[in-house]
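Novice: Structure incoming, see below.
The values are calculated or read from the model by the stated rules, or taken from the named source; none is laboratory data. Fair warning: this is a prediction, and the values are worked out from it, not measured in the lab. Heads up, the Cβs are rebuilt from the backbone with ideal geometry, glycines too, and the neighbour counts pull from every protein chain shown.
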Amino acid sequence: MSAPTWNSETVLKIQGYQFIAGCDEVGMGCLAGPVVAAAVILPFGIILEGLNDSKLMSAKSRESMVERIHAVALSYSIQHATVDEIDELNIYHAARLAMKRAIESLKIPADYALIDGRAKIDLSIPQLSIIKGDQISVSIAAASVLAKVFRDQWMREFDISYPGYEFAKHKGYGSVLHRTHLQDLGPSPIHRKSFSWTPVRGPSAT
């Protein structure tokens, strides 16, 4: 699979846009924890060797890439929507809210937003949603890495606050390990009440 490119941003640069933000979220499919979004404006054309969709990078590569992104970004922002907001709004709208917050919190205001997926966000600037954008656009890929590393660290902190669920291992996703602990312990304060999940074993099992 090829690495993301500057093609999407180049088209916008030709149209006169100067500060193009890439935006992505992480955590929509989890049973627990917030949904986190990042937005980033990179210097146009900069080469970040090894950058890709965060899901295709190792944890070590992502953490190293975050440091490189922080060092070169013109502006970046990481925001979230809480578990309560997810339960109140539903995960789709909560993710859109997190992305809106990330874009609007950039210290350098973006004049265009490239957004991963199909979501349309309530913004005052033009935007383009790109399916699998984190595999296509350098800016979106960088945002995906920022969001993923930030949320993973947050889940490691939740692992300390709520022992027994092993959040540091599964990061809140519905793995067999996570669902086993959830079935044994019941939900923690950071579990999403609006989400359903499949028990690992029947009620009669010991």
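Novice: Is it fair to say ALA59 is more than 19 Å from ILE190 (Cβ to Cβ) and modelled with pLDDT of 95 or more?
Specialist: yes
Novice: Here's a follow-up. Any idea how many residues of the range 83-140 are over 30 Å from PHE158 (Cα atoms), surrounded by 17 or more Cβ atoms within 10 Å (Cβ to Cβ) and not β-branched (Val, Ile, Thr)?
Specialist: Number satisfying all stated conditions: 7.
Novice: Still on this structure, I have one more. So, SER58, is that one under 25 Å from PRO126 (Cα atoms) and of a type in the set (Gly, Ala, Ser) or not?
Specialist: When the stated conditions are applied, SER58 does not pass them.
Novice: Could you figure out which of (1) out of contact with any Leu (no Cβ under 7 Å at 6 or more places or on another chain); (2) polar (S, T, N, Q); (3) without any contact (Cβ under 8 Å) to a residue 60 or more places away in the chain isn't true of ASN52?
Specialist: Status for ASN52: all satisfied but (3).
Novice: Here is a follow-up. Of all residues in the range 1-34, which are in contact (Cβ under 8 Å) with a residue 40 or more places away in the chain, outside any loop (DSSP other than H, G, I, E, B) and out of contact with any Asp or Glu (no Cβ under 6 Å at 6 or more places or on another chain)?
Specialist: THR5, ASN7, SER8, GLU9, LEU12, ALA21, GLY22, CYS23, GLU25, VAL26, ALA32
Novice: So, in the range 174-197, of the ones that are in a loop (DSSP other than H, G, I, E, B) and hydroxyl-bearing (Ser, Thr, Tyr), which residue ends up surrounded by the fewest Cβ atoms within 10 Å (Cβ to Cβ)?
Specialist: That would be SER196.
Novice: Also: Conditions first: (1) over 12 Å from ALA32 (Cβ atoms); (2) β-branched (Val, Ile, Thr); (3) in contact (Cβ under 8 Å) with a residue 40 or more places away in the chain. THR180 passes all but one, so which condition is the exception?
Specialist: Only one criterion in (1) over 12 Å from ALA32 (Cβ atoms); (2) β-branched (Val, Ile, Thr); (3) in contact (Cβ under 8 Å) with a residue 40 or more places away in the chain is unmet by THR180, namely (3).
Novice: Right, next: Report the residue count in the range 141-173 for those that are of a type in the set (Gly, Ala, Ser), buried (at least 17 other Cβ atoms within 10 Å of the Cβ) and outside any helix (DSSP H, G or I).
Specialist: Qualifying residue count for the region: 1.
Novice: May I pose another question? From the list ASP122, ASP111, which one is among the acidic types (Asp, Glu) and either modelled with pLDDT under 95 or more than 20 Å from PRO43 (Cβ to Cβ) (or both)?
Specialist: ASP122
Novice: Which one of these is surrounded by fewer than 20 Cβ atoms within 10 Å (Cβ to Cβ) and under 14 Å from VAL145 (Cα atoms): ALA39, ALA59?
Specialist: ALA59
Novice: Could you please find all residues in the range 127-140 being in contact with a strand residue (DSSP E or B) (Cβ under 7 Å, 6 or more places away or on another chain) and in a helix (DSSP H, G or I)? First the steps, then the outcome.
Specialist: First, the residues of the range 127-140 that are in contact with a strand residue (DSSP E or B) (Cβ under 7 Å, 6 or more places away or on another chain): 127-130, 133-134, 136-140.
Those that are in contact with a strand residue (DSSP E or B) (Cβ under 7 Å, 6 or more places away or on another chain) and in a helix (DSSP H, G or I): GLY133, ASP134, VAL138, SER139, ILE140.
Novice: So which residues in the range 107-133 are within 18 Å of HIS80 (Cβ to Cβ) and within 16 Å of the chain's Cα centre (by Cα)?
Specialist: Across the range 107-133, the qualifying residues are ALA113, ILE115, ASP116, GLY117, ALA119, ILE121.
Novice: Something else: Could you tell me whether ASP84 is of a type in the set (D, E, K, R), under 28 Å from ARG192 (Cβ atoms) and free of Cβ contacts under 8 Å to residues at least 24 places away in the same chain?
Specialist: Against the criterion (of a type in the set (D, E, K, R), under 28 Å from ARG192 (Cβ atoms) and free of Cβ contacts under 8 Å to residues at least 24 places away in the same chain), ASP84 qualifies.
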